[in-house]
1. Classify segment C:19-164 as rounded, prolate or oblate, taking a ≥ b ≥ c as the square roots of the eigenvalues of its Cα gyration tensor: rounded when a/c is under 1.5, otherwise prolate if a/b is larger than b/c and oblate if not.
2. Which one, D:114, D:141, D:27, has the greatest fluctuation when you compute a Gaussian network model over chain D with C-alpha springs under 10 angstrom?
3. Sorted from shortest, what are the nm distances separating the label point of residue B:167 from equivalent points in the other copies, each placed 7 Å from Cα along Cα to C-beta?
4. Would you compute, from DSSP H runs of 4+ residues alone, the mean residue ellipticity of the protein assembly as shown at 222 nm, taking -39500 (n - 2.57) per run and dividing by the full residue count, rounded to the nearest 500?
5. What is chain D by shape, rounded, prolate or oblate, if you read a ≥ b ≥ c off the alpha carbon gyration tensor as root eigenvalues and call it rounded for a/c under 1.5, prolate for a/b larger than b/c, and oblate otherwise?
6. Starting from the alpha-carbon convex hull of segment D:192-249, give the projected area averaged over all orientations, in nm².
7. Could you pull the copy-to-copy label distances for residue D:124, with points set 7 Å along Cα to Cβ, in nm to one decimal and sorted shortest first?
8. Rounded to the nearest 5, what is the percent of antiparallel bridges among the DSSP beta bridges in the protein assembly as shown?
């Protein structure tokens, strides 16, 4: 029991003079011996990964690393950077934009797949059968299944590569299978080609790695942080502060200009 | 020339349907083949690292990964998380606290070392001579040299390990040498034991790797982001929202309680 | 129709050379003639307030202005400020902590009260009858009703004042009445004294002013921003960067220190 | 002396059960009696304003309230909002963009004017003489004087109104005079018409009100927060999450697409 009500307890890092122990391992041992992506796994799972799990984690981080200036996160980082602020403030703005609509499909997709696999087992259904059930239910309830389709990519090269690796590293299991089956069911049931996108692929793989779906957005932001640093640095080193970034042309549809009412004059 | 004044130009990632090219390499090739830390190097430098540079970058990221609940970044992340916000918002708060006083010694230290090495060459001085000159000047100007001494660690295990690696990987050069010489000069000139701390070690190593000092805080935050995710997740999964985190006992030294002046009543 | 797909439309402010028109009024007319709190009302509602509505809005902003160093927002702002960052970055960290658990009772409380009043009308119940129904249902479903009870204040002086004003200004209506009736029902049904807190009072009043409940947290943060500026400024002007802010004493309950497994050495 | 090393001291708000005392006044007294802008003055200065000081503060807040979708703060808020995050997170992103290049002219301008007035007195120069000296020195040193000129407004209506009020309220003093004299000197010495902009006007007025220049950005952000709330709310209520906000057309000038080097395959 803590000595007082406000004493904190943490299981992440023990700090002692000249020794830092993270999840049971000395940082002096981790540095240079355990690859960064494996250390990330250690931090989130509380144990070191197998070699294959570590390689998979590394691939996940790399798959989120940058998508140019197109997504809100890069735009937010560069826009805030243009205000003349320190690099970490600009990067933080990009991270803050990771929300339900941007990177959020990992969290929602993982929950959906985890519940789907659970239900298949509980109801004695095959993965393919469950995929068709889920797609039909979603259509009836007019709900979107997260992690499928992309506004730019019809065959997202990141998904293909992540799934190839997940097979090679023997990580792919029921959740990856279900995500593929859902893409097929979407096509057969609705006629729409909505392949698994990179968020959906990460959702499936971290589910097969038994991660909590609530960490979904974290995988995205841990990889993307490097891209956001590059975006902020490019803005700060190649552009002027407060450059004219955006076409000022827009429509105003508020009330017409008028005088203040009598009582305010 | 751009077609309009507001067209952006970026050298980071080319986005095409079904193809993402980052600094000249297809992301589908990077994923699973190039370790994440090497990809970070690619993003920041614009070229792939040598094997040794990649291993050094990996070690730098790991050396910043977490310092328990003691620094402002972890406190900020957990405090904001306790308000009941999404994980990325909490992590962003931690990243925003990376400033001149927290992680800032990397940036300032790198600039100081880069200027010192430049000056040694320009003035025909040895690294050891320059270290003594810099320490004496700093004493006279009552300026602090950034990257030396730590409030907890007298022999920071992370520095030791990073410097051992920098030697083994043949990365250590004039900047690492200067940082070591400054620590010795601080002892001989002032009698104070102020060894190179982890910020100072990173400052020296990234300088020997020819990184812009303005990226200093970025190395820290790219490593620390994983620790902040772990801190936010621990707060969200083990603690109640708005828990009593801090001893409310404090002193108030503002004006004594009184009535509003006549005109406001 | 916009000329291109990416053209924005806004109803807030029209920007012309030497003229700014906000919600139909020239800013040059608003400045100095329309009190700031009235202008806030104008921004959110799209029309100028009546004199009474303006005074009520002013009181709401003041009621959120500061709660010392006790809440997460003030702690986050001061913690981030201690990292050595610009004042706006520190203030932003405090604002980010405004979430479901901190200030969130305004949003949730407003929705609850608005649904309650709607239902009372639909079901032909009196406000007092509806209050008892809602309290009983919440008990059965083991759900908390937001906006009642406070960890420090048993009779929040801000609530008392806001409700007195809401009566005087003839703003108090069904939602204020329902909030009072719920507090009474909580006492009679559960024996617990959980009076309306300041969040609950704001929730009720903005509901009687016909604001969207989704703006709930905005009222809190627009008032609190001034307190957060004061907190950041006090930290920056009276304290040293990276001061020892928090008792480092804590418990570590992670794995015991051990060696890396064979394969990583 | 505090009982322990980590005890905080604040002069802002004393928190007691059922009583909150801010800068010496009970919040229950402030609410409804002291206008919000006057309470902001109280928070920052530690005393209530005179009637005229309070009115001036109110006008300053209103003068910063919104500038449509053109500045980085509004863009950042709406871009982050489009990621699907809570309203306070989006508003915080806008506040974070307030930096040296966006709102920063208030802080820099106030420091410049305060030093100028101080120097005029020390050197026995008139305000007009000092203006010419400062403009000439800035030209020689090729330094920009902050707070003059605007990319949209040649005669900023906010400046005109603020300066009229500052005269009427008998607040305008040496700093306002110096700012006007500098604008004239810029025209006579350089031939450029660079009138005082709204940032410059606020800088001059808060200097005549004897505010610390380090609070410069705070005046801007405290007024703008209401506009940012309106921007976030408009985005959330009128637009779809992740809408196509920006023309994706841009140039990529990074390295051409190529294969990974041998060692990575």
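1. oblate
2. So, out of D:114, D:141, D:27, the one fluctuating most is D:141.
3. The projected label point of residue B:167 is separated from its counterparts by 4.8, 7.4, 8.0 nm.
4. -17500 deg cm²/dmol
5. Verdict is oblate for chain D.
6. 7.4 nm²
7. 5.1, 9.3, 10.6
8. Antiparallel bridges: around 55 percent, rounded to the nearest 5.
Values quoted throughout were computed directly from the atomic coordinates according to the rules given, and no laboratory measurement underlies them. Keep in mind that this is a model prediction, so the values were computed, not measured. Neighbour counts run over all protein chains shown; Cβ positions are idealised from the backbone, glycine included.
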